[in-house]
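Right, one structure below, let's go through it.
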Amino acid sequence: MNKLDIYFVSVGGQGALTVCAVIAEAAADFGVPVVHVATKGMAQRGGAVCEQMRIGREDVSPVISPGKADMAVSMEISESFKAIRFLKPGGTFVLLPLIWRPAAVMLGKAAYPALEELREEAEKNRIKLLVLNPSLPLFGAKPVKENIYLLGALSSTELGSIIPAESLRNCIRRKWPKAEDANMFAFNEGAAAL
Amino acid sequence: MMVSGNEAIAYGALHAGVKLVSGYPGTPSSEVIGCLMNMELEGTHVEWSVNEKVAVETAAAAGWAGHRALCTMKMSGLNVAYDALIGFAYSGTTGGLVIYVTDDPGATTGMCEQDSRGFALMSDMVMLEPDSVKQSYEMIQTAFEISESIGSPVFVRSVTNVAQAHAPLEIEKRAMPSSKTVLIRDIQRFTKAGSVIATNQHKRLIASLEKASAIIEQKGLNILKLGEKDGLGIVSVGSLNKIAEEAVELANENGCCFEPGSISTLRLACTIPYAHSEMDRIIGHCSAVIVLEELEPYVEREIIVRAFRANKNIRVIGKLDGTYPRSGEYNAAVAAVGLFAYSNVPVPEHFVTGDPLPAQKCAARPITCCAGCPHRGTYLSIKQAIKEEGFKPEDVLVTGDVGCTILGMNPPFHILWTETAMGSSIPTAAGYKLSGLETPVIATIGDSTFFHAGIPPLINAVQHEVDMTVIIMDNGWTAMTGMQVNPGTEQANEGKQHRRIDIYNVLEGLDIENIYVTDPYDTGGMTKTLREALNQKGVKVVLARRECAIQAARRGARHSYAAINKDLCTKCKRCISMTGCPAIAVADGMVTIDRELCNGCSICFNACPFKAVERKLL
């Protein structure tokens, strides 16, 4: 496969836009066509964010049609349900199952969906659901950055066959030179997780 | 380099030697000036203007002075600017004048889903519509060239999925703007007084659009490819040029059979001026035409008119026959619906939207204020003051306005009733009062919105002696659109070519008799102030002052944070239900406050009946 359409969902503040920016930059470095667009609306921290990314195809709009994404990536369990309709049957869904409860859920006024329900949806839609461990590995005493960990995990999926892991690593090094050790550790742990 | 469509506009304008760039922030257009503001640009003036009308007038003057000038805004801003813009279109320009406007089919940024192409039609102005980041870069330069060639301002119209898209782009060096400023006195061009002057200018404008048609044709901006004779044609415009091919692929995967190259295509670089010669050719060649355009059927109508003129009986598949909606953005699946219609193939179930059921399981996330947002204190104080004055919430109209200040419409506040246009909060509240409403009315407006369009309605309310309370929520920044400066921003926070105007002084100048200054973090004090204001006659203004928490934190102005005293906390969760602060969460049955997010605003201190929230110094 030389093209990949990815649908990302997350909550503002999780750093998903950075995940997309790194992938896009690494794709561009490697000479692969890429275009992506975020729909963050008025979302600030805590709002729903989605981002559509199309890799390996010239002359396309960044907008992915329902049922056509090759891959979905989510950083929040509840938000994951929004990505289901965009994923094609047989597509891959990478989930870092973090939970950001909206206030109404914390107050017991609204329900929060269970991971099990997502598994059921995935099965029903013939989606390959890959669930990462939400307890992030520690670097020193602190948990690693979730978005870098996720980037590592994604490098072990179809994405890695289009954009080499080393291109992603180089891009991360260039963006955050001071955090190189911690970030490389996070990335490699993520890569080993899938 | 990865850049957004908006940044591509900025770089393209620099490569074209732009001398002056003005605009007012508005998603999805803000990053053009946002990007330029971060650069040192000797010889080019870049500004956030007080509103779009002033922005256009400033840029147009630079055009009259012989320079290249760019003015940026979102579609709502064009409504504000248009009064001036139509006048400038009549007068024409000497240097290239480009108006960059972004539309938002699907209204993801929460404003009217208006199609700004209507303004181009109404004012006989060229409106180029880039289909991508790369074309944004190229077209902004073409727009300057066309503007100078025809002597009229030119629009570049983008949409969210182009303006906000990111793609790799080769950026060329900036061209230095000319240092020669020309001064021409010509009342035939630069005034409107008298029918002769105005009608001559109108005729010149119409002729200039015809001239632009010829240039666009000669440049080959609209791309026509003829396929099978008497077959299908697809006419698309702007961003939809990028989905037509994919729509055919999707249709073929689902029961249609279009041979490669059989479909004639016309990829339009602009709706206005209409590509009459290309339209005539595709109409003459095909038996049916699908028109792909978001929002209004401008191209479609023109194709029908051209077919009628040519006496050609052709099937036009678009919005007017009910195939496509007039609301929402198109993707390839939406576009494919026309291909199914042409092929007489049923549209598969859930083809356009996907199965909507899974997403319904998702927990709703109504947008709310950031941790430490001063507006939170204003909303809680309004609520409390209304209660203490003996009114029910449903008795007191509290109008809202555009920007972060509108967040009080959502839970847990439920305090604001209306949002219409920039500045509308004040006249809406006044209008109710003047129609005989006996209960008090309160208008709320942010600082930037006040400068933009809040001053004339306040003058109106003062002149007509309306009994109302206006709360100006002054956080010092144009925050919702990504922290731009406005006339009230502290000079120390801004710097170059910026003199701060204090809203308090403006209010005094407007002859407001009762002006109160209050700190929204002090909800007790603000409630008292509001009660006092509600009991006065005439127009009262409460200036609720506290810097935006995000900007204050960026400057390191954070000195404390809140923490829950576990011994005192009864887990009643009033801190969450009252404030909705994103820094407060329930984890493992305990209420906790995120130390990184909290800025110690103290609003939850007052919300807690058990004094279980304590201030900690950093």
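Subtract the Cα-Cα distance of residue B:590 and residue B:554 from 0.36 nm times their separation in residues, and report this length gain in nm to one decimal. Could the numbers behind the result be given before it?
On the way: separation 36, 0.36 × 36 = 12.96 nm, distance 2.96 nm.
Between residue B:590 and residue B:554, full extension yields 10.0 nm more.
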- Item | Positive-end residue of B:488, B:575, A:162, charge dipole of the protein assembly as shown with Cβ unit charges | B:575
- Under a plain spin-label model, where a point goes 7 Å from the Cα along Cα-to-Cβ, how far apart in nm are residue B:181 and residue B:256? 5.5
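Sort B:238-247, B:403-412, B:204-213 for me by packing, meaning the mean count of neighbouring Cβ atoms within 10 Å per residue, highest on top. Please report the intermediate quantities before stating the final value.
Working: B:238-247: 24.7, B:403-412: 22.1, B:204-213: 17.7.
For the peptides B:238-247, B:403-412, B:204-213, the packing ranking is B:238-247, B:403-412, B:204-213.
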- Message: Let me check the size of region B:75-215 from its C-alpha atoms; what are the radius of gyration and Dmax in Å?
- Response: 16.4, 51
- Charge dipole of region B:223-343 built from unit charges on the beta carbon (Lys, Arg +1; Asp, Glu -1), centred at mean Cα; most positive-end Cα among B:320, B:248, B:342 is B:320
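So what's the projected area for the protein assembly as shown, the Cα convex hull averaged over all directions, in nm²? Present the calculation step by step, with values, prior to reporting the outcome.
Working: hull surface 144.9 nm².
Dividing the Cα hull surface by four gives the mean projection, 36.2 nm².
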- Query: How many nm separate the modelled label positions at residue A:117 and residue B:563, each set 7 Å beyond the Cα in the direction of the Cβ?
  - Reply: 3.7
- Item | Chain lengthening between residue B:326 and residue B:364 when straightened (0.36 nm per residue, less Cα-Cα) | 11.0 nm
- Message: Counting C-alpha atoms alone, how compact is chain B: give Rg to one decimal and Dmax as a whole number, in angstrom.
- Response: 27.4, 85
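What per residue convex hull volume, in Å³, comes out for region B:223-343 when only alpha-carbon positions are used? Don't skip to the end; give the middle numbers.
Values: hull volume 10.8 nm³, N = 121.
For region B:223-343, the hull spanned by Cα atoms encloses 89 Å³ per residue.
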- Treating only Lys and Arg (+1) and Asp and Glu (-1) as charged, each at its beta carbon, one finds that region B:374-554 has a dipole about its Cα centre, in Debye to the nearest 20, of 360
- If the viscosity is 1.567 mPa s and the temperature 4 °C, what translational diffusion coefficient in µm²/s does Stokes-Einstein give for region B:560-617 when Rh comes from Kirkwood over Cα pairs? 118
- Note on the structure: Rounded to one decimal in nm, the spacing of the 7 Å Cα→Cβ label points at residue B:312 and residue B:414 is 5.9
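Over all directions, how big on average is the projection of the convex hull of the alpha-carbon atoms in region B:340-421, in square nanometres? Show your work: numbers first, answer last.
Numbers: hull surface 38.0 nm².
About 9.5 nm², averaged over all directions.
What size of dipole, in debye to the nearest 20, comes out for region B:46-134 about its Cα centre when the only charges are +1 on Lys and Arg C-beta atoms and -1 on Asp and Glu C-beta atoms? Display every interim value, and only then the final one.
Numbers: 5 positive and 11 negative charges, 53 e Å.
The dipole magnitude comes to about 260 debye.
Grab the DSSP H runs of the protein assembly as shown that are 4 residues or longer, score each as -39,500 (n - 2.57), total them, divide by all residues and round the 222 nm result to the nearest 500 deg cm²/dmol. Don't jump to the answer; show the numbers that get you there.
On the way: 30 runs with 296 residues, N = 812.
Helices in the protein assembly as shown give a 222 nm mean residue ellipticity of -10500 deg cm²/dmol.
So how strong a dipole does chain A carry about its Cα centre when Lys and Arg Cβ are +1 and Asp and Glu Cβ are -1, to the nearest 20 debye? Let's see the in-between values first.
On the way: 22 positive and 20 negative charges, 69 e Å.
Magnitude of the dipole: close to 340 debye.
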- For B:441, A:35, what's the fewest-to-most ordering of other Cβ within 10 Å of each Cβ? B:441, A:35
- Task: Among A:100, A:176, rank each residue by its count of other Cβ atoms within 10 Å, from fewest to most, as a rough exposure measure.
- Result: A:176, A:100
- Task: Under a cut-off of 13 Å between alpha-carbon atoms, report the aspartates and glutamates in cross-link reach of residue B:528, not counting same-chain residues fewer than 8 places apart.
- Result: B:388, B:389, B:519
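Averaged across B:363-374, how many Cβ atoms of other chains sit within 10 Å of each residue's Cβ atom?
On the way: counts 16, 6, 16, 5, 8, 6, 3, 5, 3, 0, 1, 0.
Per-residue shielding by partner chains comes out at 6.
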- Message: Cut-off under 18 Å on the C-alpha distance; same-chain residues fewer than 8 positions from residue B:387 excluded. Which aspartates and glutamates are left, in chain and number order?
- Response: B:395, B:438, B:522, B:532
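What's the exposure ranking of A:105, A:37, A:73, going from fewest to most Cβ atoms within 10 Å? Write down the numbers at each step before the final one.
Details: A:105 19, A:37 26, A:73 30.
Sorted ascending by nearby Cβ count, the order is A:105, A:37, A:73.
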- Return the average number of partner chain Cβ atoms within 10 angstrom of each residue Cβ along peptide B:154-160. 1
- Message: Projecting each Cα onto the charge dipole of the protein assembly as shown (Lys/Arg +1, Asp/Glu -1 at the beta carbon, about the Cα centre), which of B:146, B:233, B:282 comes out farthest on the positive side?
- Response: B:146
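Figure the gain on full extension for residue B:38 and residue B:170 (residue separation times 0.36 nm, minus the Cα-Cα span) and round it to one decimal in nm.
Values: separation 132, 0.36 × 132 = 47.52 nm, distance 1.94 nm.
Stretched fully, the residue B:38-residue B:170 segment lengthens by 45.6 nm.
What whole-number volume per residue, in cubic angstrom, does the convex hull of the C-alpha atoms of region A:76-194 give? Please list the in-between numbers first.
Values: hull volume 15.0 nm³, N = 119.
Value for region A:76-194: 126 Å³ per residue.
What value in Å³ per residue do you get for the convex hull of the alpha-carbon atoms in region B:33-128?
Numbers: hull volume 10.1 nm³, N = 96.
Hull volume over Cα atoms, normalised by residue count, gives 106 Å³.
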- Sorted largest first, the Cα spans of region B:473-547 on the principal axes come out in Å as 42, 27, 20
- Please work out the C-alpha center-to-center distance from region B:232-258 to region B:1-73 and express it in whole Å. 35
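Antiparallel DSSP bridges in region A:4-193: what percent, to the nearest 5?
On the way: 16 of 29 bridges.
Within region A:4-193, antiparallel bridges account for around 55 percent of the total.
Just so you know, all these numbers are worked out from the coordinates, no wet-lab data involved. The model shown is predicted, which means the values in this text are computed figures rather than measured ones. Ideal geometry is used to build each Cβ from the backbone, glycine not excepted, and the neighbour counts take in all protein chains shown.
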